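Enquirer: Structure incoming, see below.
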Amino acid sequence: MNVTLRNGCFSYAKDQPVLENISFDVDQGEVLAVLGPNGVGKTTLLKCLLGFLGWEKGEAVFMGKRQENFRGSSFWKEVAYVPQARRQTFPYSVEETVLLGRTPYLGIFEKPRRKDLEIAEKAMRMTGVEGLRHRNCAELSGGELQLVLIARALCAEPSILIMDEPETGLDFRNQLIILNLIERLSHEEKLTVVFNTHYPEHALEVADRTLLLDNSGKALFGKTEEILTTENMEAVFSVKIRIVTQEENGKVHASILPLSLIGEEKR
């Protein structure tokens, strides 16, 4: 397995667990979606996986090695992180921003070499932002900036890509661009992708496995179609739903219709 979490526990305050005995595993080339209501700890989970926050119990293993046993920049050569796209305040061009992904391979005062430039070019081409290379990131749309951040992550040539709500706040077109890119990266480049999302239908579209967090700090984990059932989602989100499917070009697409708040159907 490329990414394994065993019995991960974390809390911000004593006796108030955010994550309690969370376990999952993801193999090379697979996609894991992390879902759950607001405030259940989806972003906290990613921060713990990446070492930004420390587990109270449990362990995260990447490529067969515990996260805390990586030394120096070696972790960031294997694992790349794509944060939520925020308005860029520094006047970096797209190309300069993407090249920052080569930081784990460069010394403090070392300039990018020809190889680094070639890798950055490939990352921009893969994400479709090569035509924006001279644009100031502060002038980009949310969808464009999200693709630039993904290109920056890919510039590290990682085996594992961890993404925090990469499609949130984007229009339908840009959401599809991000989802299609996730599929390409997993299927063609064999990257392991872990991403948080607010959209169950996006998990049903691209994720091999799903971790569904609830308000108790616990979770359900398994194959996406076995986890994102009507019963499980109604229990976790406290919303009456209906799953509607549509076949298009030989592929079945699912939509989630929220019908009513559970307990208030007759009001």
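Enquirer: Return the percentage of antiparallel bridges among DSSP beta bridges fully within region 152-243, rounded to the nearest 5 %.
Expert: 55 percent
Enquirer: Do any GluC sites (Glu not before Pro) in region 209-266 lie in a loop, going by DSSP, with at most 15 other beta-carbon atoms within 10 Å of their beta carbon, and if so which?
Expert: Sites meeting the loop and neighbour criteria: GLU264, GLU265.
Enquirer: GNM, the chain, Cα, under 10 Å: largest mean-square fluctuation among VAL34, VAL239, VAL148?
Expert: VAL239
Enquirer: Of all trypsin sites (Lys or Arg not before Pro) in region 1-78, which ones are in loop regions per DSSP and have a Cβ with at most 12 other Cβ atoms within 10 Å?
Expert: Passing sites in region 1-78 are LYS14, ARG71.
Enquirer: Now for a separate question. Enumerate the aspartates and glutamates that LYS115 could reach by cross-link, defined here as Cα to Cα under 16 Å, with residues fewer than 8 away along the same chain left out.
Expert: Reachable aspartates and glutamates: GLU95, GLU96, GLU157.
Enquirer: Percent of Cα-Cα pairs more than 19 Å apart in region 31-123, please.
Expert: Considering region 31-123, 56 percent of its Cα-Cα pairs are separated by more than 19 Å.
Enquirer: Net charge around PHE70, counting only other residues with Cβ within less than 10 Å of its Cβ (Lys, Arg = +1; Asp, Glu = -1)?
Expert: +2
Enquirer: How much net charge surrounds ASN38 when only other residues with a Cβ under 15 Å from its Cβ are counted (Lys, Arg +1; Asp, Glu -1)?
Expert: That sum, taken over residues with Cβ under 15 Å, equals -2.
Enquirer: Hey, another quick one. Rounded if a/c is under 1.5, else prolate if a/b beats b/c, else oblate: with a ≥ b ≥ c from the C-alpha gyration tensor eigenvalues square-rooted, which is region 85-198?
Expert: It is oblate, given that a/c is not under 1.5 and a/b is not larger than b/c.
Enquirer: Between the alpha-carbon centers of region 158-210 and region 238-257, tell me the distance in whole angstrom.
Expert: Answer, in whole Å: 18.
Enquirer: Find, among the chymotrypsin sites (Phe, Trp or Tyr not before Pro) in region 69-130, those assigned to loop by DSSP (not H, G, I, E, B) with at most 12 other beta-carbon atoms within 10 angstrom.
Expert: PHE109
Enquirer: Counting only C-alpha contacts under 8 Å and six or more residues apart, can you give the relative contact order of the chain as a whole percent?
Expert: Result for the chain is 24 percent.
Enquirer: Pairing the Cα long axis of helix 142-154 with the longest principal axis of the chain, what angle in degrees results, from 0 to 90 and rounded to the nearest 10?
Expert: 70 degrees
Enquirer: Okay, next question. So what is the 222 nm mean residue ellipticity for the chain from helices alone, if each DSSP H run of at least 4 adds -39500 (n - 2.57) and you divide by all residues, rounding to the nearest 500 deg cm²/dmol?
Expert: Calculated at 222 nm, the ellipticity per residue is -8500 deg cm²/dmol.
Enquirer: If you rank LEU220, LEU154 by fewest surrounding Cβ atoms within 10 Å, what's the result?
Expert: So the ranking, lowest neighbour count to highest, is LEU220, LEU154.
Enquirer: Would you kindly calculate the mean projected area, averaged across all directions, of the convex hull enclosing the Cα atoms of region 3-221, in square nanometres?
Expert: 12.1 nm²
Enquirer: Rounded if a/c is under 1.5, else prolate if a/b is larger than b/c, else oblate: which is region 123-267, with a ≥ b ≥ c the root eigenvalues of its Cα gyration tensor?
Expert: Taking the square roots of the gyration eigenvalues as a ≥ b ≥ c, region 123-267 is prolate.
Enquirer: Work through the residues other than VAL18 whose Cβ is under 13 Å from its Cβ and net out their charges, Lys, Arg +1 and Asp, Glu -1.
Expert: Here the charged neighbours net out to +1.
Enquirer: So, one more: Anything over 28 Å Cα to Cα? Flag those among LYS65/LYS251; LYS42/LYS223; LYS190/LYS223; LYS77/LYS251, in the order listed.
Expert: From the list (LYS65/LYS251; LYS42/LYS223; LYS190/LYS223; LYS77/LYS251), the Cα-Cα distance tops 28 Å for LYS65/LYS251; LYS77/LYS251.
Throughout, read-outs are computed from the coordinates displayed, never taken from laboratory work. Keep in mind it's a predicted model, so treat the numbers as computed, not measured. Please note: Cβ atoms are built from the backbone with ideal geometry, for glycine as well, and neighbour counts cover all protein chains shown.
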